[in-house]
Amino acid sequence: MKEVNGMVEVKWTPVIIGLVIAIILSVIISMFIGSLGGLIAYLIATIYVGYSVAGGYQNGAIHGALVGIVAGIIGVIIMILTGVGIGTLILIEAVIIDAIIGAIGGAIGAAIKGDA
């Protein structure tokens, strides 16, 4: 895991690819199984991200959480722009849940790769 000034260096290419995968899969899977599809899509996308970045479980979890947070924020913005009436607290909880799922997925991806 490469650190710059005591912080983990983010590999943006896998994060962006994971974000695109999460959004596309979320739309497709949600058509078949409803709102749970978004969470499954985030998990699949963040497993990819954790697998594609080097640096062990921590680095996979950090990158996965980053995908979850960004995807969650994009989802919140889309909900606001489309006029979906959801409370602010629920939207904040959704972003936090996406971050947790992303961290878990990223760690799973790192484990699959065998990158400890």
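Looking only at the range 48-65, count how many residues are part of a helix (DSSP H, G or I) and open to solvent by 40 Å² or more (accessible area, probe 1.4 Å). If you could, list the steps in order and put the result at the bottom.
Within the range 48-65, the subset part of a helix (DSSP H, G or I) is 48-52, 56-65.
So of that shortlist, the ones also open to solvent by 40 Å² or more (accessible area, probe 1.4 Å) come out as 48, 51-52, 57-58, 62.
Residues that pass the stated criteria total 6.
So, in the range 66-90, how many residues would count as being open to solvent by 20 Å² or more (accessible area, probe 1.4 Å) and within 17 Å of the chain's Cα centre (by Cα)? Before you say what the answer is, go through the steps one by one.
First, the residues of the range 66-90 that are open to solvent by 20 Å² or more (accessible area, probe 1.4 Å): 66, 69-70, 73-90.
With the extra rule that they be within 17 Å of the chain's Cα centre (by Cα), the set shrinks to 66, 69-70, 73-78.
Matching residues across the range 66-90 total 9.
Considering only the range 11-61, how many residues are of a type in the set (A, V, I, L, M) and within 22 Å of Gly114 (Cβ to Cβ)?
Start the filter on the range 11-61 by keeping residues that are of a type in the set (A, V, I, L, M), which leaves 15-17, 19-25, 27-29, 31, 33, 36, 39-41, 43-45, 47, 49, 53-54, 61.
Now narrow it down to the ones that are within 22 Å of Gly114 (Cβ to Cβ): 15, 17, 21, 43-45, 47, 49, 53-54, 61.
So the count comes out to 11.
Failed condition for Asp98, given (1) open to solvent by 20 Å² or more (accessible area, probe 1.4 Å); (2) part of a helix (DSSP H, G or I); (3) modelled with pLDDT under 90, with all others met?
(1)
Out of Ile69, Ile78, I need the residue that is free of Cβ contacts under 8 Å to residues at least 12 places away in the same chain and not small (Gly, Ala, Ser). Which one?
Details: Ile69 fails: free of Cβ contacts under 8 Å to residues at least 12 places away in the same chain.
The match here is Ile78.
Which residue pairs have Cβ atoms under 7 Å apart, sit 6 or more places apart or on different chains, and have a first residue in the range 21-45 that is in a helix (DSSP H, G or I) and open to solvent by 30 Å² or more (accessible area, probe 1.4 Å) and a second that is among the hydroxyl-bearing types (Ser, Thr, Tyr) and modelled with pLDDT of 85 or more?
From residues that are in a helix (DSSP H, G or I) and open to solvent by 30 Å² or more (accessible area, probe 1.4 Å), the pairs are Ile21/Tyr48.
The values are calculated or read from the model by the stated rules, or taken from the named source; none is laboratory data. This is a predicted model, so every value here is computed, not measured. FYI the Cβ positions are ideal-geometry reconstructions off the backbone, even for glycines, and counts take in every protein chain you see. These area figures cover heavy atoms from the full protein model, side chains too; ligands, DNA and RNA do not enter into them. Shrake-Rupley method; radii C 1.70, N 1.55, O 1.52, S 1.80 Å.
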